[in-house]
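The values are calculated or read from the model by the stated rules, or taken from the named source; none is laboratory data. Owing to the predicted nature of the structure, the values given are computational and were not obtained by experimental measurement. In this analysis, Cβ positions are derived from the backbone assuming ideal geometry, glycine residues included, and neighbour counts consider all displayed protein chains. Note: areas computed on protein heavy atoms with side chains; ligands, DNA, RNA excluded. Shrake-Rupley method; radii C 1.70, N 1.55, O 1.52, S 1.80 Å.
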Amino acid sequence: MIPFDHASLTVAHDEANAFEAVVPPIVQTSLFTFATYDEMLATYRGEKVRPVYSRGLNPTVRQFEEMLAKLEGGEDALAFASGMAAISSTVLSFVSPGERIVAVRHVYPDAFRLFGTILRRLQIEVDYVDGTDPEAVARALPGAKLFYMESPTSWVMETHDVAALAALARQAGAVSVIDNSWASPVFQQPLSLGVDLVLHSASKYLGGHSDVVAGVVTGARGLIDRIRSEAVPYLGGKMAPFDAWLLIRGLRTLPIRMKAHEAAGLEIARRLQALDVVERVDHPGLANRLPAGLSGTSGLFSFVFRDGVDIRAFADTLTLFKLGVSWGGHESLIVPAEIVLQQKAEPNSAQAFGIHPHSVRLHVGLEGTEALWGDLETAIAAACP
Ligand SMILES: *Cc1c(COP(=O)(O)O)cnc(C)c1O
């Protein structure tokens, strides 16, 4: 495990342009002008690298990309307008019609829908495997171009031996990709475990304040260059400068936020597990030991109520925990599976993955463990007549 590199959270000064401001300025511009014909010509010929248009290179976005690459141990990174733009641009850079992807089951619902709609129309087939079973993964991989992972997985929180699965993908000649949004580089650095590309929904912990939707991918230069050459300019899902500025600010407190989410999340998971009305808590930190490569846990997990609990009353009695999607910010949130199972989107991942109808997903925020536990106790009492 590579120790977390706190020094990477420092942004280099640009004395000429930034007055030595401790916070970097936002370069909020769409285009950059050239002083001379020759400078423009040299840039177009590729003899000089400098910003031309912000869909390509923007200095504020570039600062965020460089910070994130350092934190994950990547050679380079690319930032996108959303996590889904990072996922779609990355996947489409490595597969073509007629080719195959292997994915672990229980991936992020909209990634599942991307695979089941647009990729299916492009005749790119996605086979789902049980990531906890390396033999099943090894059987599925031959012939696949890309292996898509999450650990832990969305909602059901299955954890995998990431290094072992990445090694299997490498043997099979498949590019391995992992969505590391849950653990963040504070708790898991998949490139050091042999994964080729690491994706994030930066909307979650990297931003950390629920005020930005963004994504990023990092890895070896050759792979990142492939995404940069076509998917970035032509699919065009580029991150905006202001969002990059918010993310640079968010990253600086990432290590202390993650430790606070971990402590509060684990304590609440343990207390829930001790309750009679709770059938099961799916939190990777409740196992005897964490899987290899994962050094800590975040604030997102799920639990299953026993039959007969009024989940509507539970949700409507909570005051600190709000009903809402996403996660990773200051605030605590819940999502009841009962509601998600009725979502109209097709394909519906909650149904496809057999998400338990009495489960609730919880994001434990930074309001304080005792206040949050009091909120849960009151709501559980109201839900169990
Ligand atoms: C939210 C999320 C995404 C999608 O990111 P957006 O920024 O919302 O597009 C991808 N993966 C995981 C695990 C997520 O939670």
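Summary table
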| quantity | calculated |
| --- | --- |
| Accessible area per residue in Å² at 1.4 Å probe, computed on region 255-383 | 45 Å² |
| ARG226-HIS209 pseudo-label distance in nm [points 7 Å out on the Cα-to-Cβ vector] | 3.7 nm |
| Tail fraction, Cα-Cα pairs, region 76-169, threshold 22 Å, whole percent | 26 percent |
| Area accessible to solvent at HIS160, 1.4 Å probe radius, in Å² | 10 Å² |
| Computed label-point distance, nm, for sites ARG280 and ASP127 using a 7 Å Cα→Cβ extension | 2.6 nm |
| Antiparallel DSSP beta bridges within the chain, as percent of all bridges there, nearest 5 | 60 percent |
| Highest average packing first - 180-191, 131-142, 244-255, Cβ atoms within 10 Å | 180-191, 244-255, 131-142 |
| Cα-projected label distance for SER96 with GLU377, points at 7 Å along beta-carbon direction, nm | 6.3 nm |
| Distant alpha-carbon pairs in region 255-383 (separation over 19 angstrom), percent | 48 percent |
| Estimated FRET transfer efficiency when R0 is 25 angstrom, pair ARG312-GLU346 (beta carbons, to 0.05) | 0.50 |
| Added length on full extension, which subtracts the Cα-Cα distance from 0.36 nm per residue, THR29 to GLU135 | 33.1 nm |
| Rounded percent of accessible protein surface that carbon and sulfur make up, the chain, 1.4 Å probe | 54 percent |
| Square roots of 5 times each gyration tensor eigenvalue, C-alpha, region 6-252, largest first, Å | 33, 20, 15 |
| Whole-number percent relative contact order across region 255-383, with pairs defined as alpha carbons under 8 Å at least 6 apart | 30 percent |
| Computed [θ] at 222 nm, deg cm²/dmol, the chain (DSSP H ≥ 4; -39,500 (n - 2.57); rounded to nearest 500) | -10500 deg cm²/dmol |
| Computed accessible area, LYS204, all protein chains, 1.4 angstrom probe, square angstrom | 20 Å² |
| Among 65-74, 78-87, the order from most to least packed when residues are scored by Cβ within 10 Å on average | 78-87, 65-74 |
| Using a Förster distance of 45 Å, the FRET efficiency for THR36-THR10 (Cβ separation, nearest 0.05) | 0.85 |
